[in-house]
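*Asks:* Quick one: structure below, then a few questions.
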Amino acid sequence: MRKAISVFSGGLDCTVATCVYDKDWDIHAITFDYGQKAFEQELKASKHICSEMGWSHEVIKLDWLGNISGSSLNTDEDIIEVSVDDLDDLDKSSVSAGNVWVPGRNTVFTSVALSYAESIGAEIIIVGWNGEEGATFPDNSKEYLVKFNELIGVGSPEKIRIEAPVIDLNKNEIVELGIEIGAPMKLSYSCYKGDSVPCGVCESCVRRNRAFDYFGI
């Protein structure tokens, strides 16, 4: 089977995105430890999902990224809590996004994934970048995807491309796709705070919960 690298946090988006390629690709999932508060829970979810799906899994430590990050994900700063109404308020959601922004995170993750792809002969890198979060996280946007693929085309001797199957989808549509393809969404973990029981009030939790509520899940 053709090989694929998945940038995999164990969250909702990357779980659904990776499952899109499950039947036809040999999936190699990589989870990054950059000192984030949620790492232990992300690792637990990632291992569980990869075991369930039969994907290989590896953890890559990026201590330096956590050390330079001033994000609330890496520091004692409180993670901003939001309401459902805040999600569609661009000003409020932009503040929340800034609170959890880690410098160059997706650029670093995807570059490392490219190295792995070249080393094992993988043809694609799977990411969970999506339309809903792309509104406030520029490294989740379609423009970023296009530009990064252009960079790979210029800078890599191999024919590797980033695949982002949920790049145009909102959370409701991601959950709908997950239902359709049988993705193990119940095993995923999306909370920023890292508690064993998701907080339900960070932006990631609220977006996730709104989508599941829409389908009565």
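The values are calculated or read from the model by the stated rules, or taken from the named source; none is laboratory data. What you see is a predicted model, and the numbers here were worked out from it, not measured in a lab. All Cβ positions, even for glycine, are placed from backbone atoms using ideal geometry, and neighbour counts span all protein chains on display. Ligands, DNA and RNA are stripped out before the accessible areas are found, and what is left, the full protein with its side chains, is counted by its heavy atoms. Shrake-Rupley method; radii C 1.70, N 1.55, O 1.52, S 1.80 Å.
*Asks:* Out of contact with any Pro (no Cβ under 9 Å at 6 or more places or on another chain) and open to solvent by less than 40 Å² (accessible area, probe 1.4 Å), is that true of Val154? First the steps, then the outcome.
*Replies:* Values: out of contact with any Pro (no Cβ under 9 Å at 6 or more places or on another chain): yes; open to solvent by less than 40 Å² (accessible area, probe 1.4 Å): no.
The answer is no for Val154.
*Asks:* Scan region 157-171 residue by residue and report those that are surrounded by 15 or more Cβ atoms within 10 Å (Cβ to Cβ) and within 16 Å of the chain's Cα centre (by Cα).
*Replies:* Ile162, Glu163, Ala164, Pro165, Val166, Ile167, Leu169, Asn170, Lys171
*Asks:* Here is a list: Glu77, Glu52, Glu58. Which entry is acidic (Asp, Glu) and either under 21 Å from Lys37 (Cβ atoms) or at pLDDT below 95 (or both)?
*Replies:* Being acidic (Asp, Glu) and either under 21 Å from Lys37 (Cβ atoms) or at pLDDT below 95 (or both) holds for just one of Glu77, Glu52, Glu58, which is Glu77.
*Asks:* If you scan region 60-88, which residues turn out to be open to solvent by 80 Å² or more (accessible area, probe 1.4 Å) and either among the aliphatic types (A, V, I, L, M) or within 13 Å of Phe8 (Cβ to Cβ) (or both)?
*Replies:* Filtering region 60-88 for residues open to solvent by 80 Å² or more (accessible area, probe 1.4 Å) gives 61, 63-64, 67-68, 76-78, 81, 85, 88.
Matches in region 60-88: Ile68 only.
*Asks:* Considering only region 89-114, state which residues are open to solvent by 50 Å² or more (accessible area, probe 1.4 Å), at pLDDT 95 or above and among the hydrophobic types (A, V, I, L, M, F, W, C).
*Replies:* Those that are open to solvent by 50 Å² or more (accessible area, probe 1.4 Å), at pLDDT 95 or above and among the hydrophobic types (A, V, I, L, M, F, W, C): Val95, Trp101.
For every residue, the table says whether it meets (1) among the aliphatic types (A, V, I, L, M); (2) touching a strand residue (DSSP E or B) at 6+ places or on another chain (Cβ under 9 Å).
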{"position": "Ser71", "(1), (2)": "no, no"}
{"position": "Asp78", "(1), (2)": "no, no"}
{"position": "Lys92", "(1), (2)": "no, no"}
{"position": "Thr107", "(1), (2)": "no, no"}
{"position": "Thr110", "(1), (2)": "no, yes"}
{"position": "Leu114", "(1), (2)": "yes, yes"}
{"position": "Glu118", "(1), (2)": "no, no"}
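*Asks:* If I ask for residues that are open to solvent by less than 20 Å² (accessible area, probe 1.4 Å) and closer than 18 Å to Glu118 by Cα, which ones from region 33-59 would you list?
*Replies:* Within region 33-59, none qualify.
*Asks:* Filter the strands (runs of 3 or more DSSP E) completely within region 1-81 down to those with at least 3 residues that are within 17 Å of Gly104 (Cα to Cα).
*Replies:* The qualifying strands (runs of 3 or more DSSP E) are 25-33.
*Asks:* I've got another one for you. Can you work out which of the residues in region 174-191 that are open to solvent by 40 Å² or more (accessible area, probe 1.4 Å) and in contact (Cβ under 8 Å) with a residue 24 or more places away in the chain is farthest from Met53 (Cα to Cα)? Spell out the reasoning first.
*Replies:* Kept after step one, since they are open to solvent by 40 Å² or more (accessible area, probe 1.4 Å), are these residues of region 174-191: 176, 179-182, 186.
In the following step, the residues that additionally are in contact (Cβ under 8 Å) with a residue 24 or more places away in the chain were identified as 176, 179, 181-182.
Details: Glu176: 19, Ile179: 15, Ile181: 13, Gly182: 11 Å.
Filtering first and then ranking leaves Glu176.
*Asks:* Return only the number of the condition from (1) touching a Ser or Thr at 6+ places or on another chain (Cβ under 7 Å); (2) open to solvent by 20 Å² or more (accessible area, probe 1.4 Å) that Asp139 does not satisfy.
*Replies:* Going through the list (1) touching a Ser or Thr at 6+ places or on another chain (Cβ under 7 Å); (2) open to solvent by 20 Å² or more (accessible area, probe 1.4 Å), Asp139 breaks only (2).
*Asks:* Among Ile125, Ile160, which is in contact with a Lys or Arg (Cβ under 9 Å, 6 or more places away or on another chain) and within 21 Å of Thr18 (Cα to Cα)?
*Replies:* Ile125
*Asks:* Residues that are of a type in the set (Val, Ile, Thr), modelled with pLDDT of 95 or more and under 24 Å from Val100 (Cβ atoms), at least 1 per element: which helices (runs of 4 or more DSSP H) completely within region 115-192 meet that?
*Replies:* The qualifying helices (runs of 4 or more DSSP H) are 171-181.
*Asks:* In this structure, is Val108 assigned to a helix (DSSP H, G or I), touching a Leu at 6+ places or on another chain (Cβ under 8 Å) and either on the phi > 0 side of the Ramachandran plot or in contact (Cβ under 8 Å) with a residue 24 or more places away in the chain (or both)?
*Replies:* yes
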